[in-house]
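Here's the structure we're looking at; comments come further down.
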Amino acid sequence: MGNLFDELNKNEQDFVEFIRNDRSDLIFILKNLFLRRRPVIYYKSIEKVLSFYTKHQEKVYLINEDTVHREILNKSMKFIASPYKIKIASFIFKLLKIKKLICWEFGDRQADLIYAAKINKIESIGFMHGAGMKNYMTHEFISEFDSSFKIGPEVMGVWSQWWKEYYLANSKLYDKIEVSGILRKPKIIEPSISSSKIIKDVLWISEPLIDPSEVITFMRYFNKNYNLIIKKRPSTTDVFYNNLMSNYEEFLTCETKDGDIYEAINNVDLVIGSHSTAVIDSSVLSKPFLLVNTPKWGNYFQIDNLYFVNDINELESKISKVFEQNPKKIKEQYLGKDDDHGVNWLVNYIKDNINGE
């Protein structure tokens, strides 16, 4: 979000952040508040305080009693948009005279704010910030939802024309979908492309939503036949890497990278993963990549067979063809064109009235 904040400041546009802090302790909040040094609204704290004085209770009503259904729905209640939370957000919007809401995509984290904005006729602007397919980002697609009333933001910015067509075909939540481009442009790095076309250094992208056991066959193959380097997730606890080290000591000697993703990609010959957007980021630097099949993710990006390995038996044949890949085509398909800039798109929508009034 840093690039967006910088651009808003350049345009002398006032803004305030609404931060969800329901899982953060007081010391963590105060530390970030000191580092941020700009006004923010910790809206979950406000909800918690006001809830002591507000009578509200969501209940599960079932036509036919079912213990399993009741348990699931009771646990889901904390994620739903509730009237009292919407009223709190609505009050804050009026108090601060909010004119536009940048809300990311539609999801349980933002639903209360989006509904409050709709009630107060505040225009909401969403934008794509991750490559989420319908089988994972179900809250953005909700195939069962069928209504003329759109519950998502008035306009949704996506990275490319391919994503626009994907959203139009699979999502019914948004009034308007436009190509915005990605929000965070990568810093310019001169691609280090090997003229020998020999695969030696392989970068494995750590992905927290998969267990090492699901990809261990592939990892062992690369560790045995190539120089395997593991890209750890920066500034966070890397669940995948920690599980890998705890259960498979043979990888303890593998080199790791935990800095900038593009620098890590630029210094290897091939990038591997199962469903991370970081794998496709390789196309920005014209680096070959492969996505491996897993029971959980399958062909997550619905990508061409040239970039996808179904099983270990076809791995080497796919590696031998990686230099036949078309990185420019992949980049434009999934990450958009260089001329499209998400920050500029957002700033223009903030300046202009969505309805053209």
Next item on the list: Search region 227-244 for residues being surrounded by 18 or more Cβ atoms within 10 Å (Cβ to Cβ) and touching a Pro at 6+ places or on another chain (Cβ under 6 Å), and hand back the single one that is nearest to Asp258 (Cα to Cα).
Entry: Phe240
Next item on the list: Give the residue, chosen from Val271, Val239, Val322, that is within 22 Å of Lys185 (Cβ to Cβ) and not basic (Lys, Arg).
Entry: Val271
Margin query: Between a residue in region 158-181 that is outside the structural domain of Phe106 (by TED's automatic domain parsing) and any residue that is outside any helix (DSSP H, G or I) and exposed (fewer than 14 other Cβ atoms within 10 Å of the Cβ), which pairs come within a Cβ distance under 9 Å, given they are 6 or more apart or on different chains?
Written below: none
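Tell me, which residue of region 62-83 that is among the hydrophobic types (A, V, I, L, M, F, W, C) and part of a helix (DSSP H, G or I) is farthest from the chain's Cα centre (by Cα)? I'd like the intermediate steps shown before the answer.
The initial filter retains those residues of region 62-83 that are among the hydrophobic types (A, V, I, L, M, F, W, C), namely 62-63, 68, 72-73, 77, 79-81.
With the extra rule that they be part of a helix (DSSP H, G or I), the set shrinks to 68, 72-73, 77, 79.
Details: Val68: 31, Ile72: 25, Leu73: 26, Met77: 24, Phe79: 19 Å.
Among those residues, the one meeting the criterion is Val68.
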Margin query: Which numbered condition in (1) more than 13 Å from Ile205 (Cα to Cα); (2) surrounded by 14 or more Cβ atoms within 10 Å (Cβ to Cβ); (3) touching a Pro at 6+ places or on another chain (Cβ under 7 Å); (4) not hydrophobic (A, V, I, L, M, F, W, C) is the only one that Asn247 fails?
Written below: (2)
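Yes/no per residue for (1) surrounded by 15 or more Cβ atoms within 10 Å (Cβ to Cβ); (2) among the hydrophobic types (A, V, I, L, M, F, W, C); (3) touching a residue at least 24 places away in the same chain (Cβ under 8 Å):
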| position | (1), (2), (3) |
| --- | --- |
| Ile261 | yes, yes, yes |
| Ser274 | yes, no, yes |
| Pro295 | no, no, yes |
| Gln302 | no, no, yes |
| Asp311 | no, no, no |
| Phe323 | no, yes, yes |
| Asp338 | no, no, no |
| Lys351 | no, no, yes |
Checklist line | Those helices (runs of 4 or more DSSP H) lying entirely in region 238-348 with at least 3 residues out of contact with any Lys or Arg (no Cβ under 7 Å at 6 or more places or on another chain) and under 23 Å from Val158 (Cα atoms) | finding: 277-280, 327-330
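Filter region 56-104 for residues that are of a type in the set (D, E, K, R) and under 29 Å from Met1 (Cα atoms); which is surrounded by the fewest Cβ atoms within 10 Å (Cβ to Cβ)? Quick ask: steps written out before the conclusion?
Going residue by residue through region 56-104, those that are of a type in the set (D, E, K, R) are 58-59, 65-66, 70-71, 75, 78, 85, 87, 94, 97, 99-100.
Within this subset, residues satisfying the condition of being under 29 Å from Met1 (Cα atoms) are 78, 85, 87, 94, 97, 99-100.
On the way: Lys78: 10, Lys85: 23, Lys87: 17, Lys94: 12, Lys97: 8, Lys99: 11, Lys100: 19.
If we take residues in region 56-104 being of a type in the set (D, E, K, R) and under 29 Å from Met1 (Cα atoms), then Lys97 is surrounded by the fewest Cβ atoms within 10 Å (Cβ to Cβ).
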Check: What is the residue count in region 126-161 for residues that are surrounded by fewer than 19 Cβ atoms within 10 Å (Cβ to Cβ) and over 24 Å from Lys331 (Cβ atoms)?
Finding: 12
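Looking at region 84-119 only, could you name the residues that are aromatic (Phe, Trp, Tyr) and part of a helix (DSSP H, G or I)? Working first, answer last.
Residues of region 84-119 aromatic (Phe, Trp, Tyr): 84, 91, 93, 104, 106, 115.
Passing the criteria: Tyr84, Phe91, Phe93, Tyr115.
Kindly establish whether Tyr53 is more than 17 Å from Leu113 (Cβ to Cβ), surrounded by fewer than 12 Cβ atoms within 10 Å (Cβ to Cβ) and at pLDDT 80 or above. Explain how you work it out, then say what you get.
Numbers: more than 17 Å from Leu113 (Cβ to Cβ): yes; surrounded by fewer than 12 Cβ atoms within 10 Å (Cβ to Cβ): yes; at pLDDT 80 or above: no.
Against the criterion (more than 17 Å from Leu113 (Cβ to Cβ), surrounded by fewer than 12 Cβ atoms within 10 Å (Cβ to Cβ) and at pLDDT 80 or above), Tyr53 does not qualify.
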Next item on the list: Just need a number here: residues in region 195-222 that are surrounded by fewer than 19 Cβ atoms within 10 Å (Cβ to Cβ), assigned to a helix (DSSP H, G or I) and not aromatic (Phe, Trp, Tyr).
Entry: 5
Check: Residue check, Gln161 against (1) at pLDDT below 90; (2) among the polar types (S, T, N, Q); (3) more than 23 Å from Ile272 (Cβ to Cβ), all met but one. Which one?
Finding: (1)
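The values are calculated or read from the model by the stated rules, or taken from the named source; none is laboratory data. The shown structure was predicted, so the numbers you read here are calculated from the model rather than taken from an experiment. Cβ: placed from backbone, ideal geometry, glycine included. Neighbour counts: every protein chain shown.
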